[in-house]
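Following: one structure in structure tokens, then a few remarks.
All of the numbers you see were taken from the coordinates with simple rules; none came from a lab. Since we're looking at a predicted model, the values are computed, not measured. Neighbour counts are summed over all protein chains in view; Cβ atoms, including those assigned to glycine, are modelled from backbone coordinates with ideal geometry.
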Amino acid sequence: MPVRPGQPGKAPFWNREAVQFLYAPAFDFAPIAGAREYRFTVAPAAGETLPFSAPQPTASLAPVWTRVPVGRTTLTVQAIDVRGQPLGEPQRRTFHRAAPFDATYPPPALAWRESARLALEALVHSPDLRCWFTTGEPEEQFHLYRYPYKIVGAAAAALALYAAQQPAPADATAALQAARRAADYLLGLCFPADAAWAHHTPTYHPTRFRDRLKGHMSPENHMTTSGAESGLYFLTLHRATGEVRYREAAVRIAETYARHQRPEGSWPLFVRARDGALVTDNLMVPTMVVDFLDRLERETGLTQFNPMRRRAAAWIEANPVRSWNWQGQFEDVKPQPAYENLTKHDACDYAIHLLRQPAPTAAERELALEILRFSEDQFVIWAQPPAERPGKQSPDGVAGSRSSRWLLPCVLEQYRAYAPVCASSAKLIRTFLAAYRTTRDPLHLAKARALAGTLTRTQSNPKAAGRYLTWVMQPSGPMWFNCELLAIEAMQELSAIDPATPAP
């Protein structure tokens, strides 16, 4: 079954930049005047040619898809006139036919619960977080602190989660104090009350790491999803410490969102920090804001932001759910025009949101499962990665482009950084688990297990023993511990639903 196939004049073709497909695609080939039908010829790099005919050039490849072998494939669509003769020049598209799920992946290296415990302990005691036990200031050598909203915030949350474990670690008190230092440092960076985006945490460090902040990554700029992500971290600190200042920080972030919400329900994605002027025309896909407001209500009982959350969810339904433009929203990749940098992150967040409802409707369930199929179709690599990359790659995309180094199965981050990241595996694990809880389909659980198994095997890397490698490859790259934290939380969720981990 095709994933959200385009229809001329009705539904856009979202896949113009895509390079791989697990499910039968349909493409935006132009109709030819005088054509009676169109002859499709699917030519795999190896194997037989697979022809079929259809009345429209935009028909999906479903009639032959199950016979297309994994690998590079060339599609030719030729218009045919009433006499059965070719009409005009053929249209072509080359793509990678993705490998399907295989149930024979290696077992995990560790039980899920032990894997998560080890990863959290290794992260907390890593050199990256040492500064929060000592000076309370980021060290220059750990240059990812240039993104304070997520890196400082994730450090604080990881330390708080570690301290909250039961039985309590021997250094739980020290870890909780380190969590406070990190969170308070982040609070000290928040925009002042008279700024356009008051009380939000900055995307880019305002005074340090200038040699690393180039182009759009300027302290003058602000990505507006930053507040929601750091707001989630502040709520974690409030839950761990009970200290009201972290709850108040989250509430102030929500109040600023309320002031800036557009009538249609979303927010500008990329703005100038001091006055809110637009840097790009992109609007935020506000799934993280919805998630943040969901949790804010659950943990504080505040209902004043519910109308804002409903408007944001309605905007998602009216826009990416219809256009399928699940655009990338990453601080290190400049926002792109529609469909040029798709990702599964915000799409999966919305699927999880739908499936988390007390009683999802049939339509909500159907949409969530379609989003899951899209995410698997475009970003999961079960085997045999594609050779091509979609569009110009970011520096991280270039660094991770050698697929022979990837640890499989894995999940790619975004079109412009087409490389496997542990946070991407975590997002698919959580989405497969949400689908499993709703449908009880064991295939969803099997897929979550397979992706989690790869993460456990990354923990044996001697350069970061015990930690989940951010870049799921050998050798790996820089450690983004916001990504590690997402992987830890996904593994904890898996251990709760699947305590009987398959034996190593």
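Residues in the stretch 231-267 near a label at Ala168, defined as backbone nitrogen under 15 Å from the 7 Å Cα→Cβ point? Backbone N within reach: 240-243. Peptide packing for 312-325, 87-100 was compared via the average number of neighbouring C-beta atoms within 10 Å per residue; ordered from the highest value, the list is 312-325, 87-100. For a test of understanding, tell me how many lysine pairs in the chain have Cα atoms under 16 Å apart, given they are 8 or more places apart or on different chains. Summing the qualifying lysine pairs gives 4. If you sort the three axes of the alpha carbon gyration tensor as a ≥ b ≥ c, you get a/c under 1.5 for the stretch 113-497, which makes it rounded. Here the stretch 212-250 and the stretch 83-137 have alpha carbon centers that stand 25 Å from each other.
Projecting label points 7 angstrom from Cα along Cα→Cβ for Arg212 and Ala193 puts them 3.3 nm apart.
The H on the amide N of Met473, modeled in the peptide plane, is under 5 Å from the matching H of Leu407, each at least 5 residues off or on a different chain. Summary value for the stretch 20-97: 36 percent relative contact order, contacts being C-alpha pairs under 8 angstrom separated by 6+ residues. Does the stretch 20-97 come out rounded, prolate or oblate, given a ≥ b ≥ c as the square roots of the eigenvalues of its C-alpha gyration tensor, rounded meaning a/c under 1.5 and, failing that, prolate meaning a/b above b/c? Judged from the Cα gyration tensor, the stretch 20-97 comes out prolate (a/c at least 1.5, a/b above b/c). Amide H to amide H distances under 5 Å link Arg72 with Ala45, Arg97, where only residues 5 or more positions off or on other chains count and H is placed in the peptide plane. Relative contact order of the stretch 409-450, taken over Cα pairs closer than 8 Å and 6 or more residues apart, is 30 percent. Applying a DSSP loop filter and a limit of 11 other Cβ atoms within 10 Å to the trypsin sites (Lys or Arg not before Pro) in the stretch 189-269 leaves Lys214.
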